[in-house]
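Inspection log for the structure reproduced underneath, given as structure tokens.
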Amino acid sequence: KSVTSLGTLLDPLADQFLVLSLIWYFWFVGNPLFNPGSLFSISIPFFLTGREIWMFCIRSRSKTDIPAIFLGKWKIAAEYSCVSFALFGWPLIQYGPEILKLTVALSGFSFLIYWCMREEAANENNRA
């Protein structure tokens, strides 16, 4: 198994291109997953996309590799679940909006953890 810095940077980005393109599509066509008309639902694609842009910037500017954390893994699993429910019209679609809210919460918390990890790495680089 080989792990490269480029792979560590691009793998999460590829996952997000797949998921975010579908989230934007479902938001645009007014899928019930987003409870059309809700201000919270309107902001979800913008928030998730903004988070991923910031994460890409953090990872690309970091002098050390920032590994994935468990909250990030749970976040992408929740995103895949939401997209799957909406895409395949599974009977569990009624739980989609709650899972989408969980996704937003996990996204915010994991971003804060990644930000702290970046700050720690920057402080260690400054000491060295």
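Go through 97, 84, 111 and say which Cα lies farthest out towards the positive end of the charge dipole of the chain; charges sit on Cβ, +1 for Lys and Arg, -1 for Asp and Glu.
Farthest along the dipole direction, towards plus: 111.
For a paramagnetic label modelled at 7 Å from the Cα of residue 54 toward its Cβ, which residues of segment 98-112 fall within the zone defined by backbone nitrogen distances under 16 Å?
The answer is 103-112, whose backbone nitrogens lie closer than 16 Å to the label point.
What does the accessible area per residue of the chain come to in Å², with a 1.4 Å probe and no ligands, DNA or RNA counted?
Accessible area per residue: 63 Å².
Ranked highest first by average number of other Cβ atoms within 10 Å, how do 53-63, 14-24 line up?
14-24, 53-63
Once the convex hull of the alpha carbons of segment 13-79 is built, what does its volume come to per residue, in cubic angstrom?
Details: hull volume 5.6 nm³, N = 67.
Dividing the Cα hull volume of segment 13-79 by its residue count gives 83 Å³.
Where the accessible area of the chain is counted over protein heavy atoms with a 1.4 Å probe, how much of it, in %, is carbon and sulfur?
Carbon and sulfur: 68 percent of the exposed surface of the chain.
About the Cα centre of the chain, what is the dipole size in debye to 20, counting +1 per Lys and Arg Cβ and -1 per Asp and Glu Cβ, all else neutral?
160 debye
Taking just the alpha carbons, could you work out the radius of gyration and Dmax for the chain, both in angstroms?
16.1, 55
The values are calculated or read from the model by the stated rules, or taken from the named source; none is laboratory data. Values in this document were obtained by computation on a predicted structure and should not be read as measured data. No Cβ is skipped: glycine too gets one built from the backbone with ideal geometry, and neighbour counts run over all protein chains shown. Side chains are part of the model used for accessible areas, which takes the heavy atoms of the whole protein and leaves out ligands, DNA and RNA. Shrake-Rupley method; radii C 1.70, N 1.55, O 1.52, S 1.80 Å.
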